[in-house]
Amino acid sequence: MKVPIQSSHLIPVAAKHGFQFHHAEGDLAVLCRWLPESPSRLPGYATHQVGVAGCVINEKTRELLVVKEKQMPRILKVPGGLSNPGEDLAETAVREVFEETGILSEFKAILTLRQHHNHPNAFGRSDIYFVCRLAPLTFDLSPCEEEILYCEWMRIDSFVDHADTSPFGKRLGHLVKHGLDYGFDRVDMVMDELNFPYKVPVMYYKVFHRPLQSDVTE
């Protein structure tokens, strides 16, 4: 049952009839009641938030685009943020990089992902954070004055060795170095689009995996 905020005085009435909160967002609360005489099998609401970072690599100079955010000035990192509803991972990475640094970039692959339960900035939910490999299309920096303390193109070795780089950042740096030295086909997860044929109209979704060694299309 959907209850707009203007009718929130009705929620205690619904609670007397066995309704419970399922979720709330914006100016709308959704209440639910499981009618069968058995434990509820209704799926819960969002259990994870999804963040995406853009690892922009200048392969010619072996440099990464790195930032320090005003909210976390001690951490040296690659730009990134939360994905919007309905936004592909690649779109989030490109958007966040541009918003934070002014750099235009192109999605290439996913390098890695991180899972973090009870994330302090996720209201007790779990956090999944993808890092996309991006190629720069521009190089002149124009950092966001509201969010970014500073940004720069930094040598990958310097990023890995920097005291303000987190363990996750250092691992990312080693992945980038491995890709530059031996080929990104050894570290990339590439993207493909498949169809979900059981709905009309047909729905499409993205899949990510290590490159296949043969021309597999299904």
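The values are calculated or read from the model by the stated rules, or taken from the named source; none is laboratory data. These figures come from a predicted structure and were not determined experimentally. Ideal geometry is used to build each Cβ from the backbone, glycine not excepted, and the neighbour counts take in all protein chains shown. All accessible areas refer to the heavy atoms of the entire protein, side chains included, with ligands and DNA or RNA removed. Shrake-Rupley method; radii C 1.70, N 1.55, O 1.52, S 1.80 Å.
For Thr61, the conditions (1) modelled with pLDDT of 95 or more; (2) closer than 22 Å to Phe130 by Cβ all hold with the exception of (2). Listed by position, the strands (runs of 3 or more DSSP E) enclosed by segment 85-190 that each have at least 2 residues that are in contact (Cβ under 8 Å) with a residue 40 or more places away in the chain and β-branched (Val, Ile, Thr) are 105-116, 126-136. Across segment 1-43, the qualifying residues are those that are among the aliphatic types (A, V, I, L, M) and part of a strand (DSSP E or B), and the one among them that is farthest from Phe123 (Cα to Cα) is Val3.
Within segment 73-84, which residues are open to solvent by less than 40 Å² (accessible area, probe 1.4 Å), in a loop (DSSP other than H, G, I, E, B) and not polar (S, T, N, Q)? Within segment 73-84, Val78, Pro79 meet the criteria.
Residues of segment 44-64 that are in a strand (DSSP E or B) and either under 16 Å from Ala109 (Cα atoms) or in contact with a Gly (Cβ under 7 Å, 6 or more places away or on another chain) (or both): Gly51, Val52, Ala53, Gly54, Cys55, Val56, Ile57, Asn58, Leu64. Out of Lys70, Lys60, one residue alone is open to solvent by 70 Å² or more (accessible area, probe 1.4 Å), closer than 27 Å to Asp181 by Cα and not aromatic (Phe, Trp, Tyr). It is Lys60.
Considering every residue within segment 41-50, establish whether at least one is open to solvent by less than 40 Å² (accessible area, probe 1.4 Å) and more than 21 Å from Gly169 (Cβ to Cβ). Among the residues of segment 41-50, not one is open to solvent by less than 40 Å² (accessible area, probe 1.4 Å) and more than 21 Å from Gly169 (Cβ to Cβ), which makes the answer no.
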